[in-house]
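Engineer: There's a structure below that I have some questions on.
The values are calculated or read from the model by the stated rules, or taken from the named source; none is laboratory data. Being a predicted model, the structure only gives us computed values, none of them experimental. Neighbour counts run over all protein chains shown; Cβ positions are idealised from the backbone, glycine included. Note: areas computed on protein heavy atoms with side chains; ligands, DNA, RNA excluded. Shrake-Rupley method; radii C 1.70, N 1.55, O 1.52, S 1.80 Å.
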Amino acid sequence: MQVSEKAPIRNNWTEAEARELFQMPFMDLMFEAQQIHRQYHKPNQVQVSTLCSIKTGACPEDCKYCPQSSRYNTDLDTERLMKVKAVLKEAAEAKAKGATRFCMGAAWKSPRAKDMPYVLEMIQGVKEMGMEACMTLGTLEQDQAKDLADAGLDYYNHNLDTSPEFYGSIITTRTYQERLDTLSNVREAGMKVCCGGIMGMGEDERDRIGLLMTLANMAEHPESVPMNMLVKVEGTPLENVDDLEPFDFIRSIAVARIMMPASSVRLSAGRTNMNEQMQALCFMAGANSIFYGEKLLTTENPEADSDRQLFRKLSINSEQHEDVSDEAHEQAILHNIQAEKDAGFFTDATAS
Ligand code: SAM
Ligand code: DTB
Ligand code: SF4
């Protein structure tokens, strides 16, 4: 491939190819992911979203990772659907802190007809503030997806979570196929798809491959791919599952970046258990979006201040480091050298 050529967007990945990527030497994998990342994205830019739990807990589903399922005793304060005004107040605060997208999540199997008018009002309110709006409300029928799209919803988040093979050991109350059907309803309604999964639930590499292949072989790649590291919550069936080797999580991000070059890859849940160096490696591997703000839906996220510090240390989103093409960069260097020569900063080492 020529350096100037972009990696193609493909949806015919084979398992052998995906496995080969996962098994590449770590440095080679990171290098390839970063090269592809730079073909499609600004290398020092990370999109920032804020999450809001608009309805918390008491969920009838049995997702084994989830503190919001009513089946597990997780010491969670449940909350009915928030008032529209309260949601919009949080949205305005998120915007003031720099979020460009406001994501609203509800612990539902699917939204009920009586909730829809409030949900639609929330979308309209967020859009009026000039932010992108995202929701995750569970299963959607065609007409519900259309109503959300008509209200202006930009993204719908609905995760596949893991491979089709491992899925049954994590969730029994909703099938993989139902999730795929919701995703196609979202697509047909004209919204952008946000779909990814969770690593560290006791799955093996084949399952991480299976998840990424399912996503990357969709007719259109999800525009946004959240990669969550399991947050182990006391009381859930996965509270004592073995830790995932951190490098395997970073590898999964790199493989997602390579297989879905144009998508945003979101470093989602689990950042409180990652140090700054690990997060930097995730960005290097191609992650270019995060959740910002002290809380995810019900669990902790890093303090806003520590994220600001991390971004400053890495010059992420800093205006002084506007991304420029190699050519423009070269021109700027030549220009600076000349200016410094003119100003007498350079001495001629050959002159005696
Ligand atoms: N109830 C809706 C649904 O499941 O479709 C929307 C909200 S649900 C909490 C959104 C996603 O959060 C899940 O699909 C899962 O991928 C992620 N998630 C939930 N609990 C998690 C945990 N403990 N660790 C990491 N990710 C988690
Ligand atoms: C996604 O993939 N991760 C976010 C968002 N989509 C809605 C949710 C993470 C939730 C982590 C557990 C919690 O805070 O309840
Ligand atoms: Fe309910 Fe969503 Fe949690 Fe599953 S992940 S238990 S559907 S809130």
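Engineer: In the set Lys127, Lys192, which member is within 16 Å of ligand 2 (Cβ to nearest atom) and charged (D, E, K, R)? It would help to see each step written out before you state the result.
Structural biologist: On the way: Lys127 fails: within 16 Å of ligand 2 (Cβ to nearest atom).
Just one listed residue meets the conditions, Lys192.
Engineer: While we're here: Checking the conditions here, which among Arg187, Arg266, Arg208 is crowded, with 24+ Cβ neighbours inside 10 Å and outside any strand (DSSP E or B)? So that I can check it myself, show each step before the final result.
Structural biologist: Values: Arg187 fails: crowded, with 24+ Cβ neighbours inside 10 Å; Arg266 fails: outside any strand (DSSP E or B).
Just a single option satisfies the conditions, and that option is Arg208.
Engineer: Assuming Lys232 fulfils every condition listed in (1) among the basic types (Lys, Arg); (2) over 23 Å from Pro67 (Cα atoms); (3) surrounded by fewer than 23 Cβ atoms within 10 Å (Cβ to Cβ) apart from one, which condition is it?
Structural biologist: Result: Lys232 passes all but (2).
Engineer: In region 130-149, which residues are closer than 18 Å to Thr182 by Cα, touching a residue at least 24 places away in the same chain (Cβ under 8 Å) and more than 16 Å from ligand 2 (Cβ to nearest atom)?
Structural biologist: Answer for region 130-149, where residues must be closer than 18 Å to Thr182 by Cα, touching a residue at least 24 places away in the same chain (Cβ under 8 Å) and more than 16 Å from ligand 2 (Cβ to nearest atom): Glu141, Gln142, Gln144, Ala145, Lys146, Asp147, Ala149.
Engineer: Another question, if that's okay. Has region 58-75 got any residue that is assigned to a helix (DSSP H, G or I) and either open to solvent by 40 Å² or more (accessible area, probe 1.4 Å) or more than 28 Å from Ser263 (Cα to Cα) (or both)? Give the steps one after another, and end with the answer.
Structural biologist: Here is the first cut: in region 58-75, the residues assigned to a helix (DSSP H, G or I) are none.
No, the conditions are met nowhere in region 58-75.
Engineer: For region 76-104, how many residues are more than 15 Å from ligand 2 (Cβ to nearest atom), basic (Lys, Arg) and open to solvent by less than 70 Å² (accessible area, probe 1.4 Å)?
Structural biologist: Final tally of qualifying residues: 0.
Engineer: Please name all residue pairs, on different chains or six or more residues apart, with Cβ atoms under 8 Å, provided the first residue is in region 12-34 and is exposed (fewer than 13 other Cβ atoms within 10 Å of the Cβ) and the second residue is in a helix (DSSP H, G or I) and of a type in the set (Val, Ile, Thr).
Structural biologist: Once the first residue is exposed (fewer than 13 other Cβ atoms within 10 Å of the Cβ) and sits in region 12-34, its partners that are in a helix (DSSP H, G or I) and of a type in the set (Val, Ile, Thr) give Glu15/Ile209.
Engineer: Sticking with this structure for a sec: If I filter region 300-318 down to residues being under 18 Å from Pro43 (Cβ atoms) and polar (S, T, N, Q), which single residue comes out as most open to solvent (accessible area, probe 1.4 Å)?
Structural biologist: Our first condition is that a residue be under 18 Å from Pro43 (Cβ atoms); within region 300-318, this holds for 310-318.
Next cut, polar (S, T, N, Q) only: 315, 317-318.
Working: Ser315: 33, Asn317: 60, Ser318: 28 Å².
Among those residues, the one meeting the criterion is Asn317.
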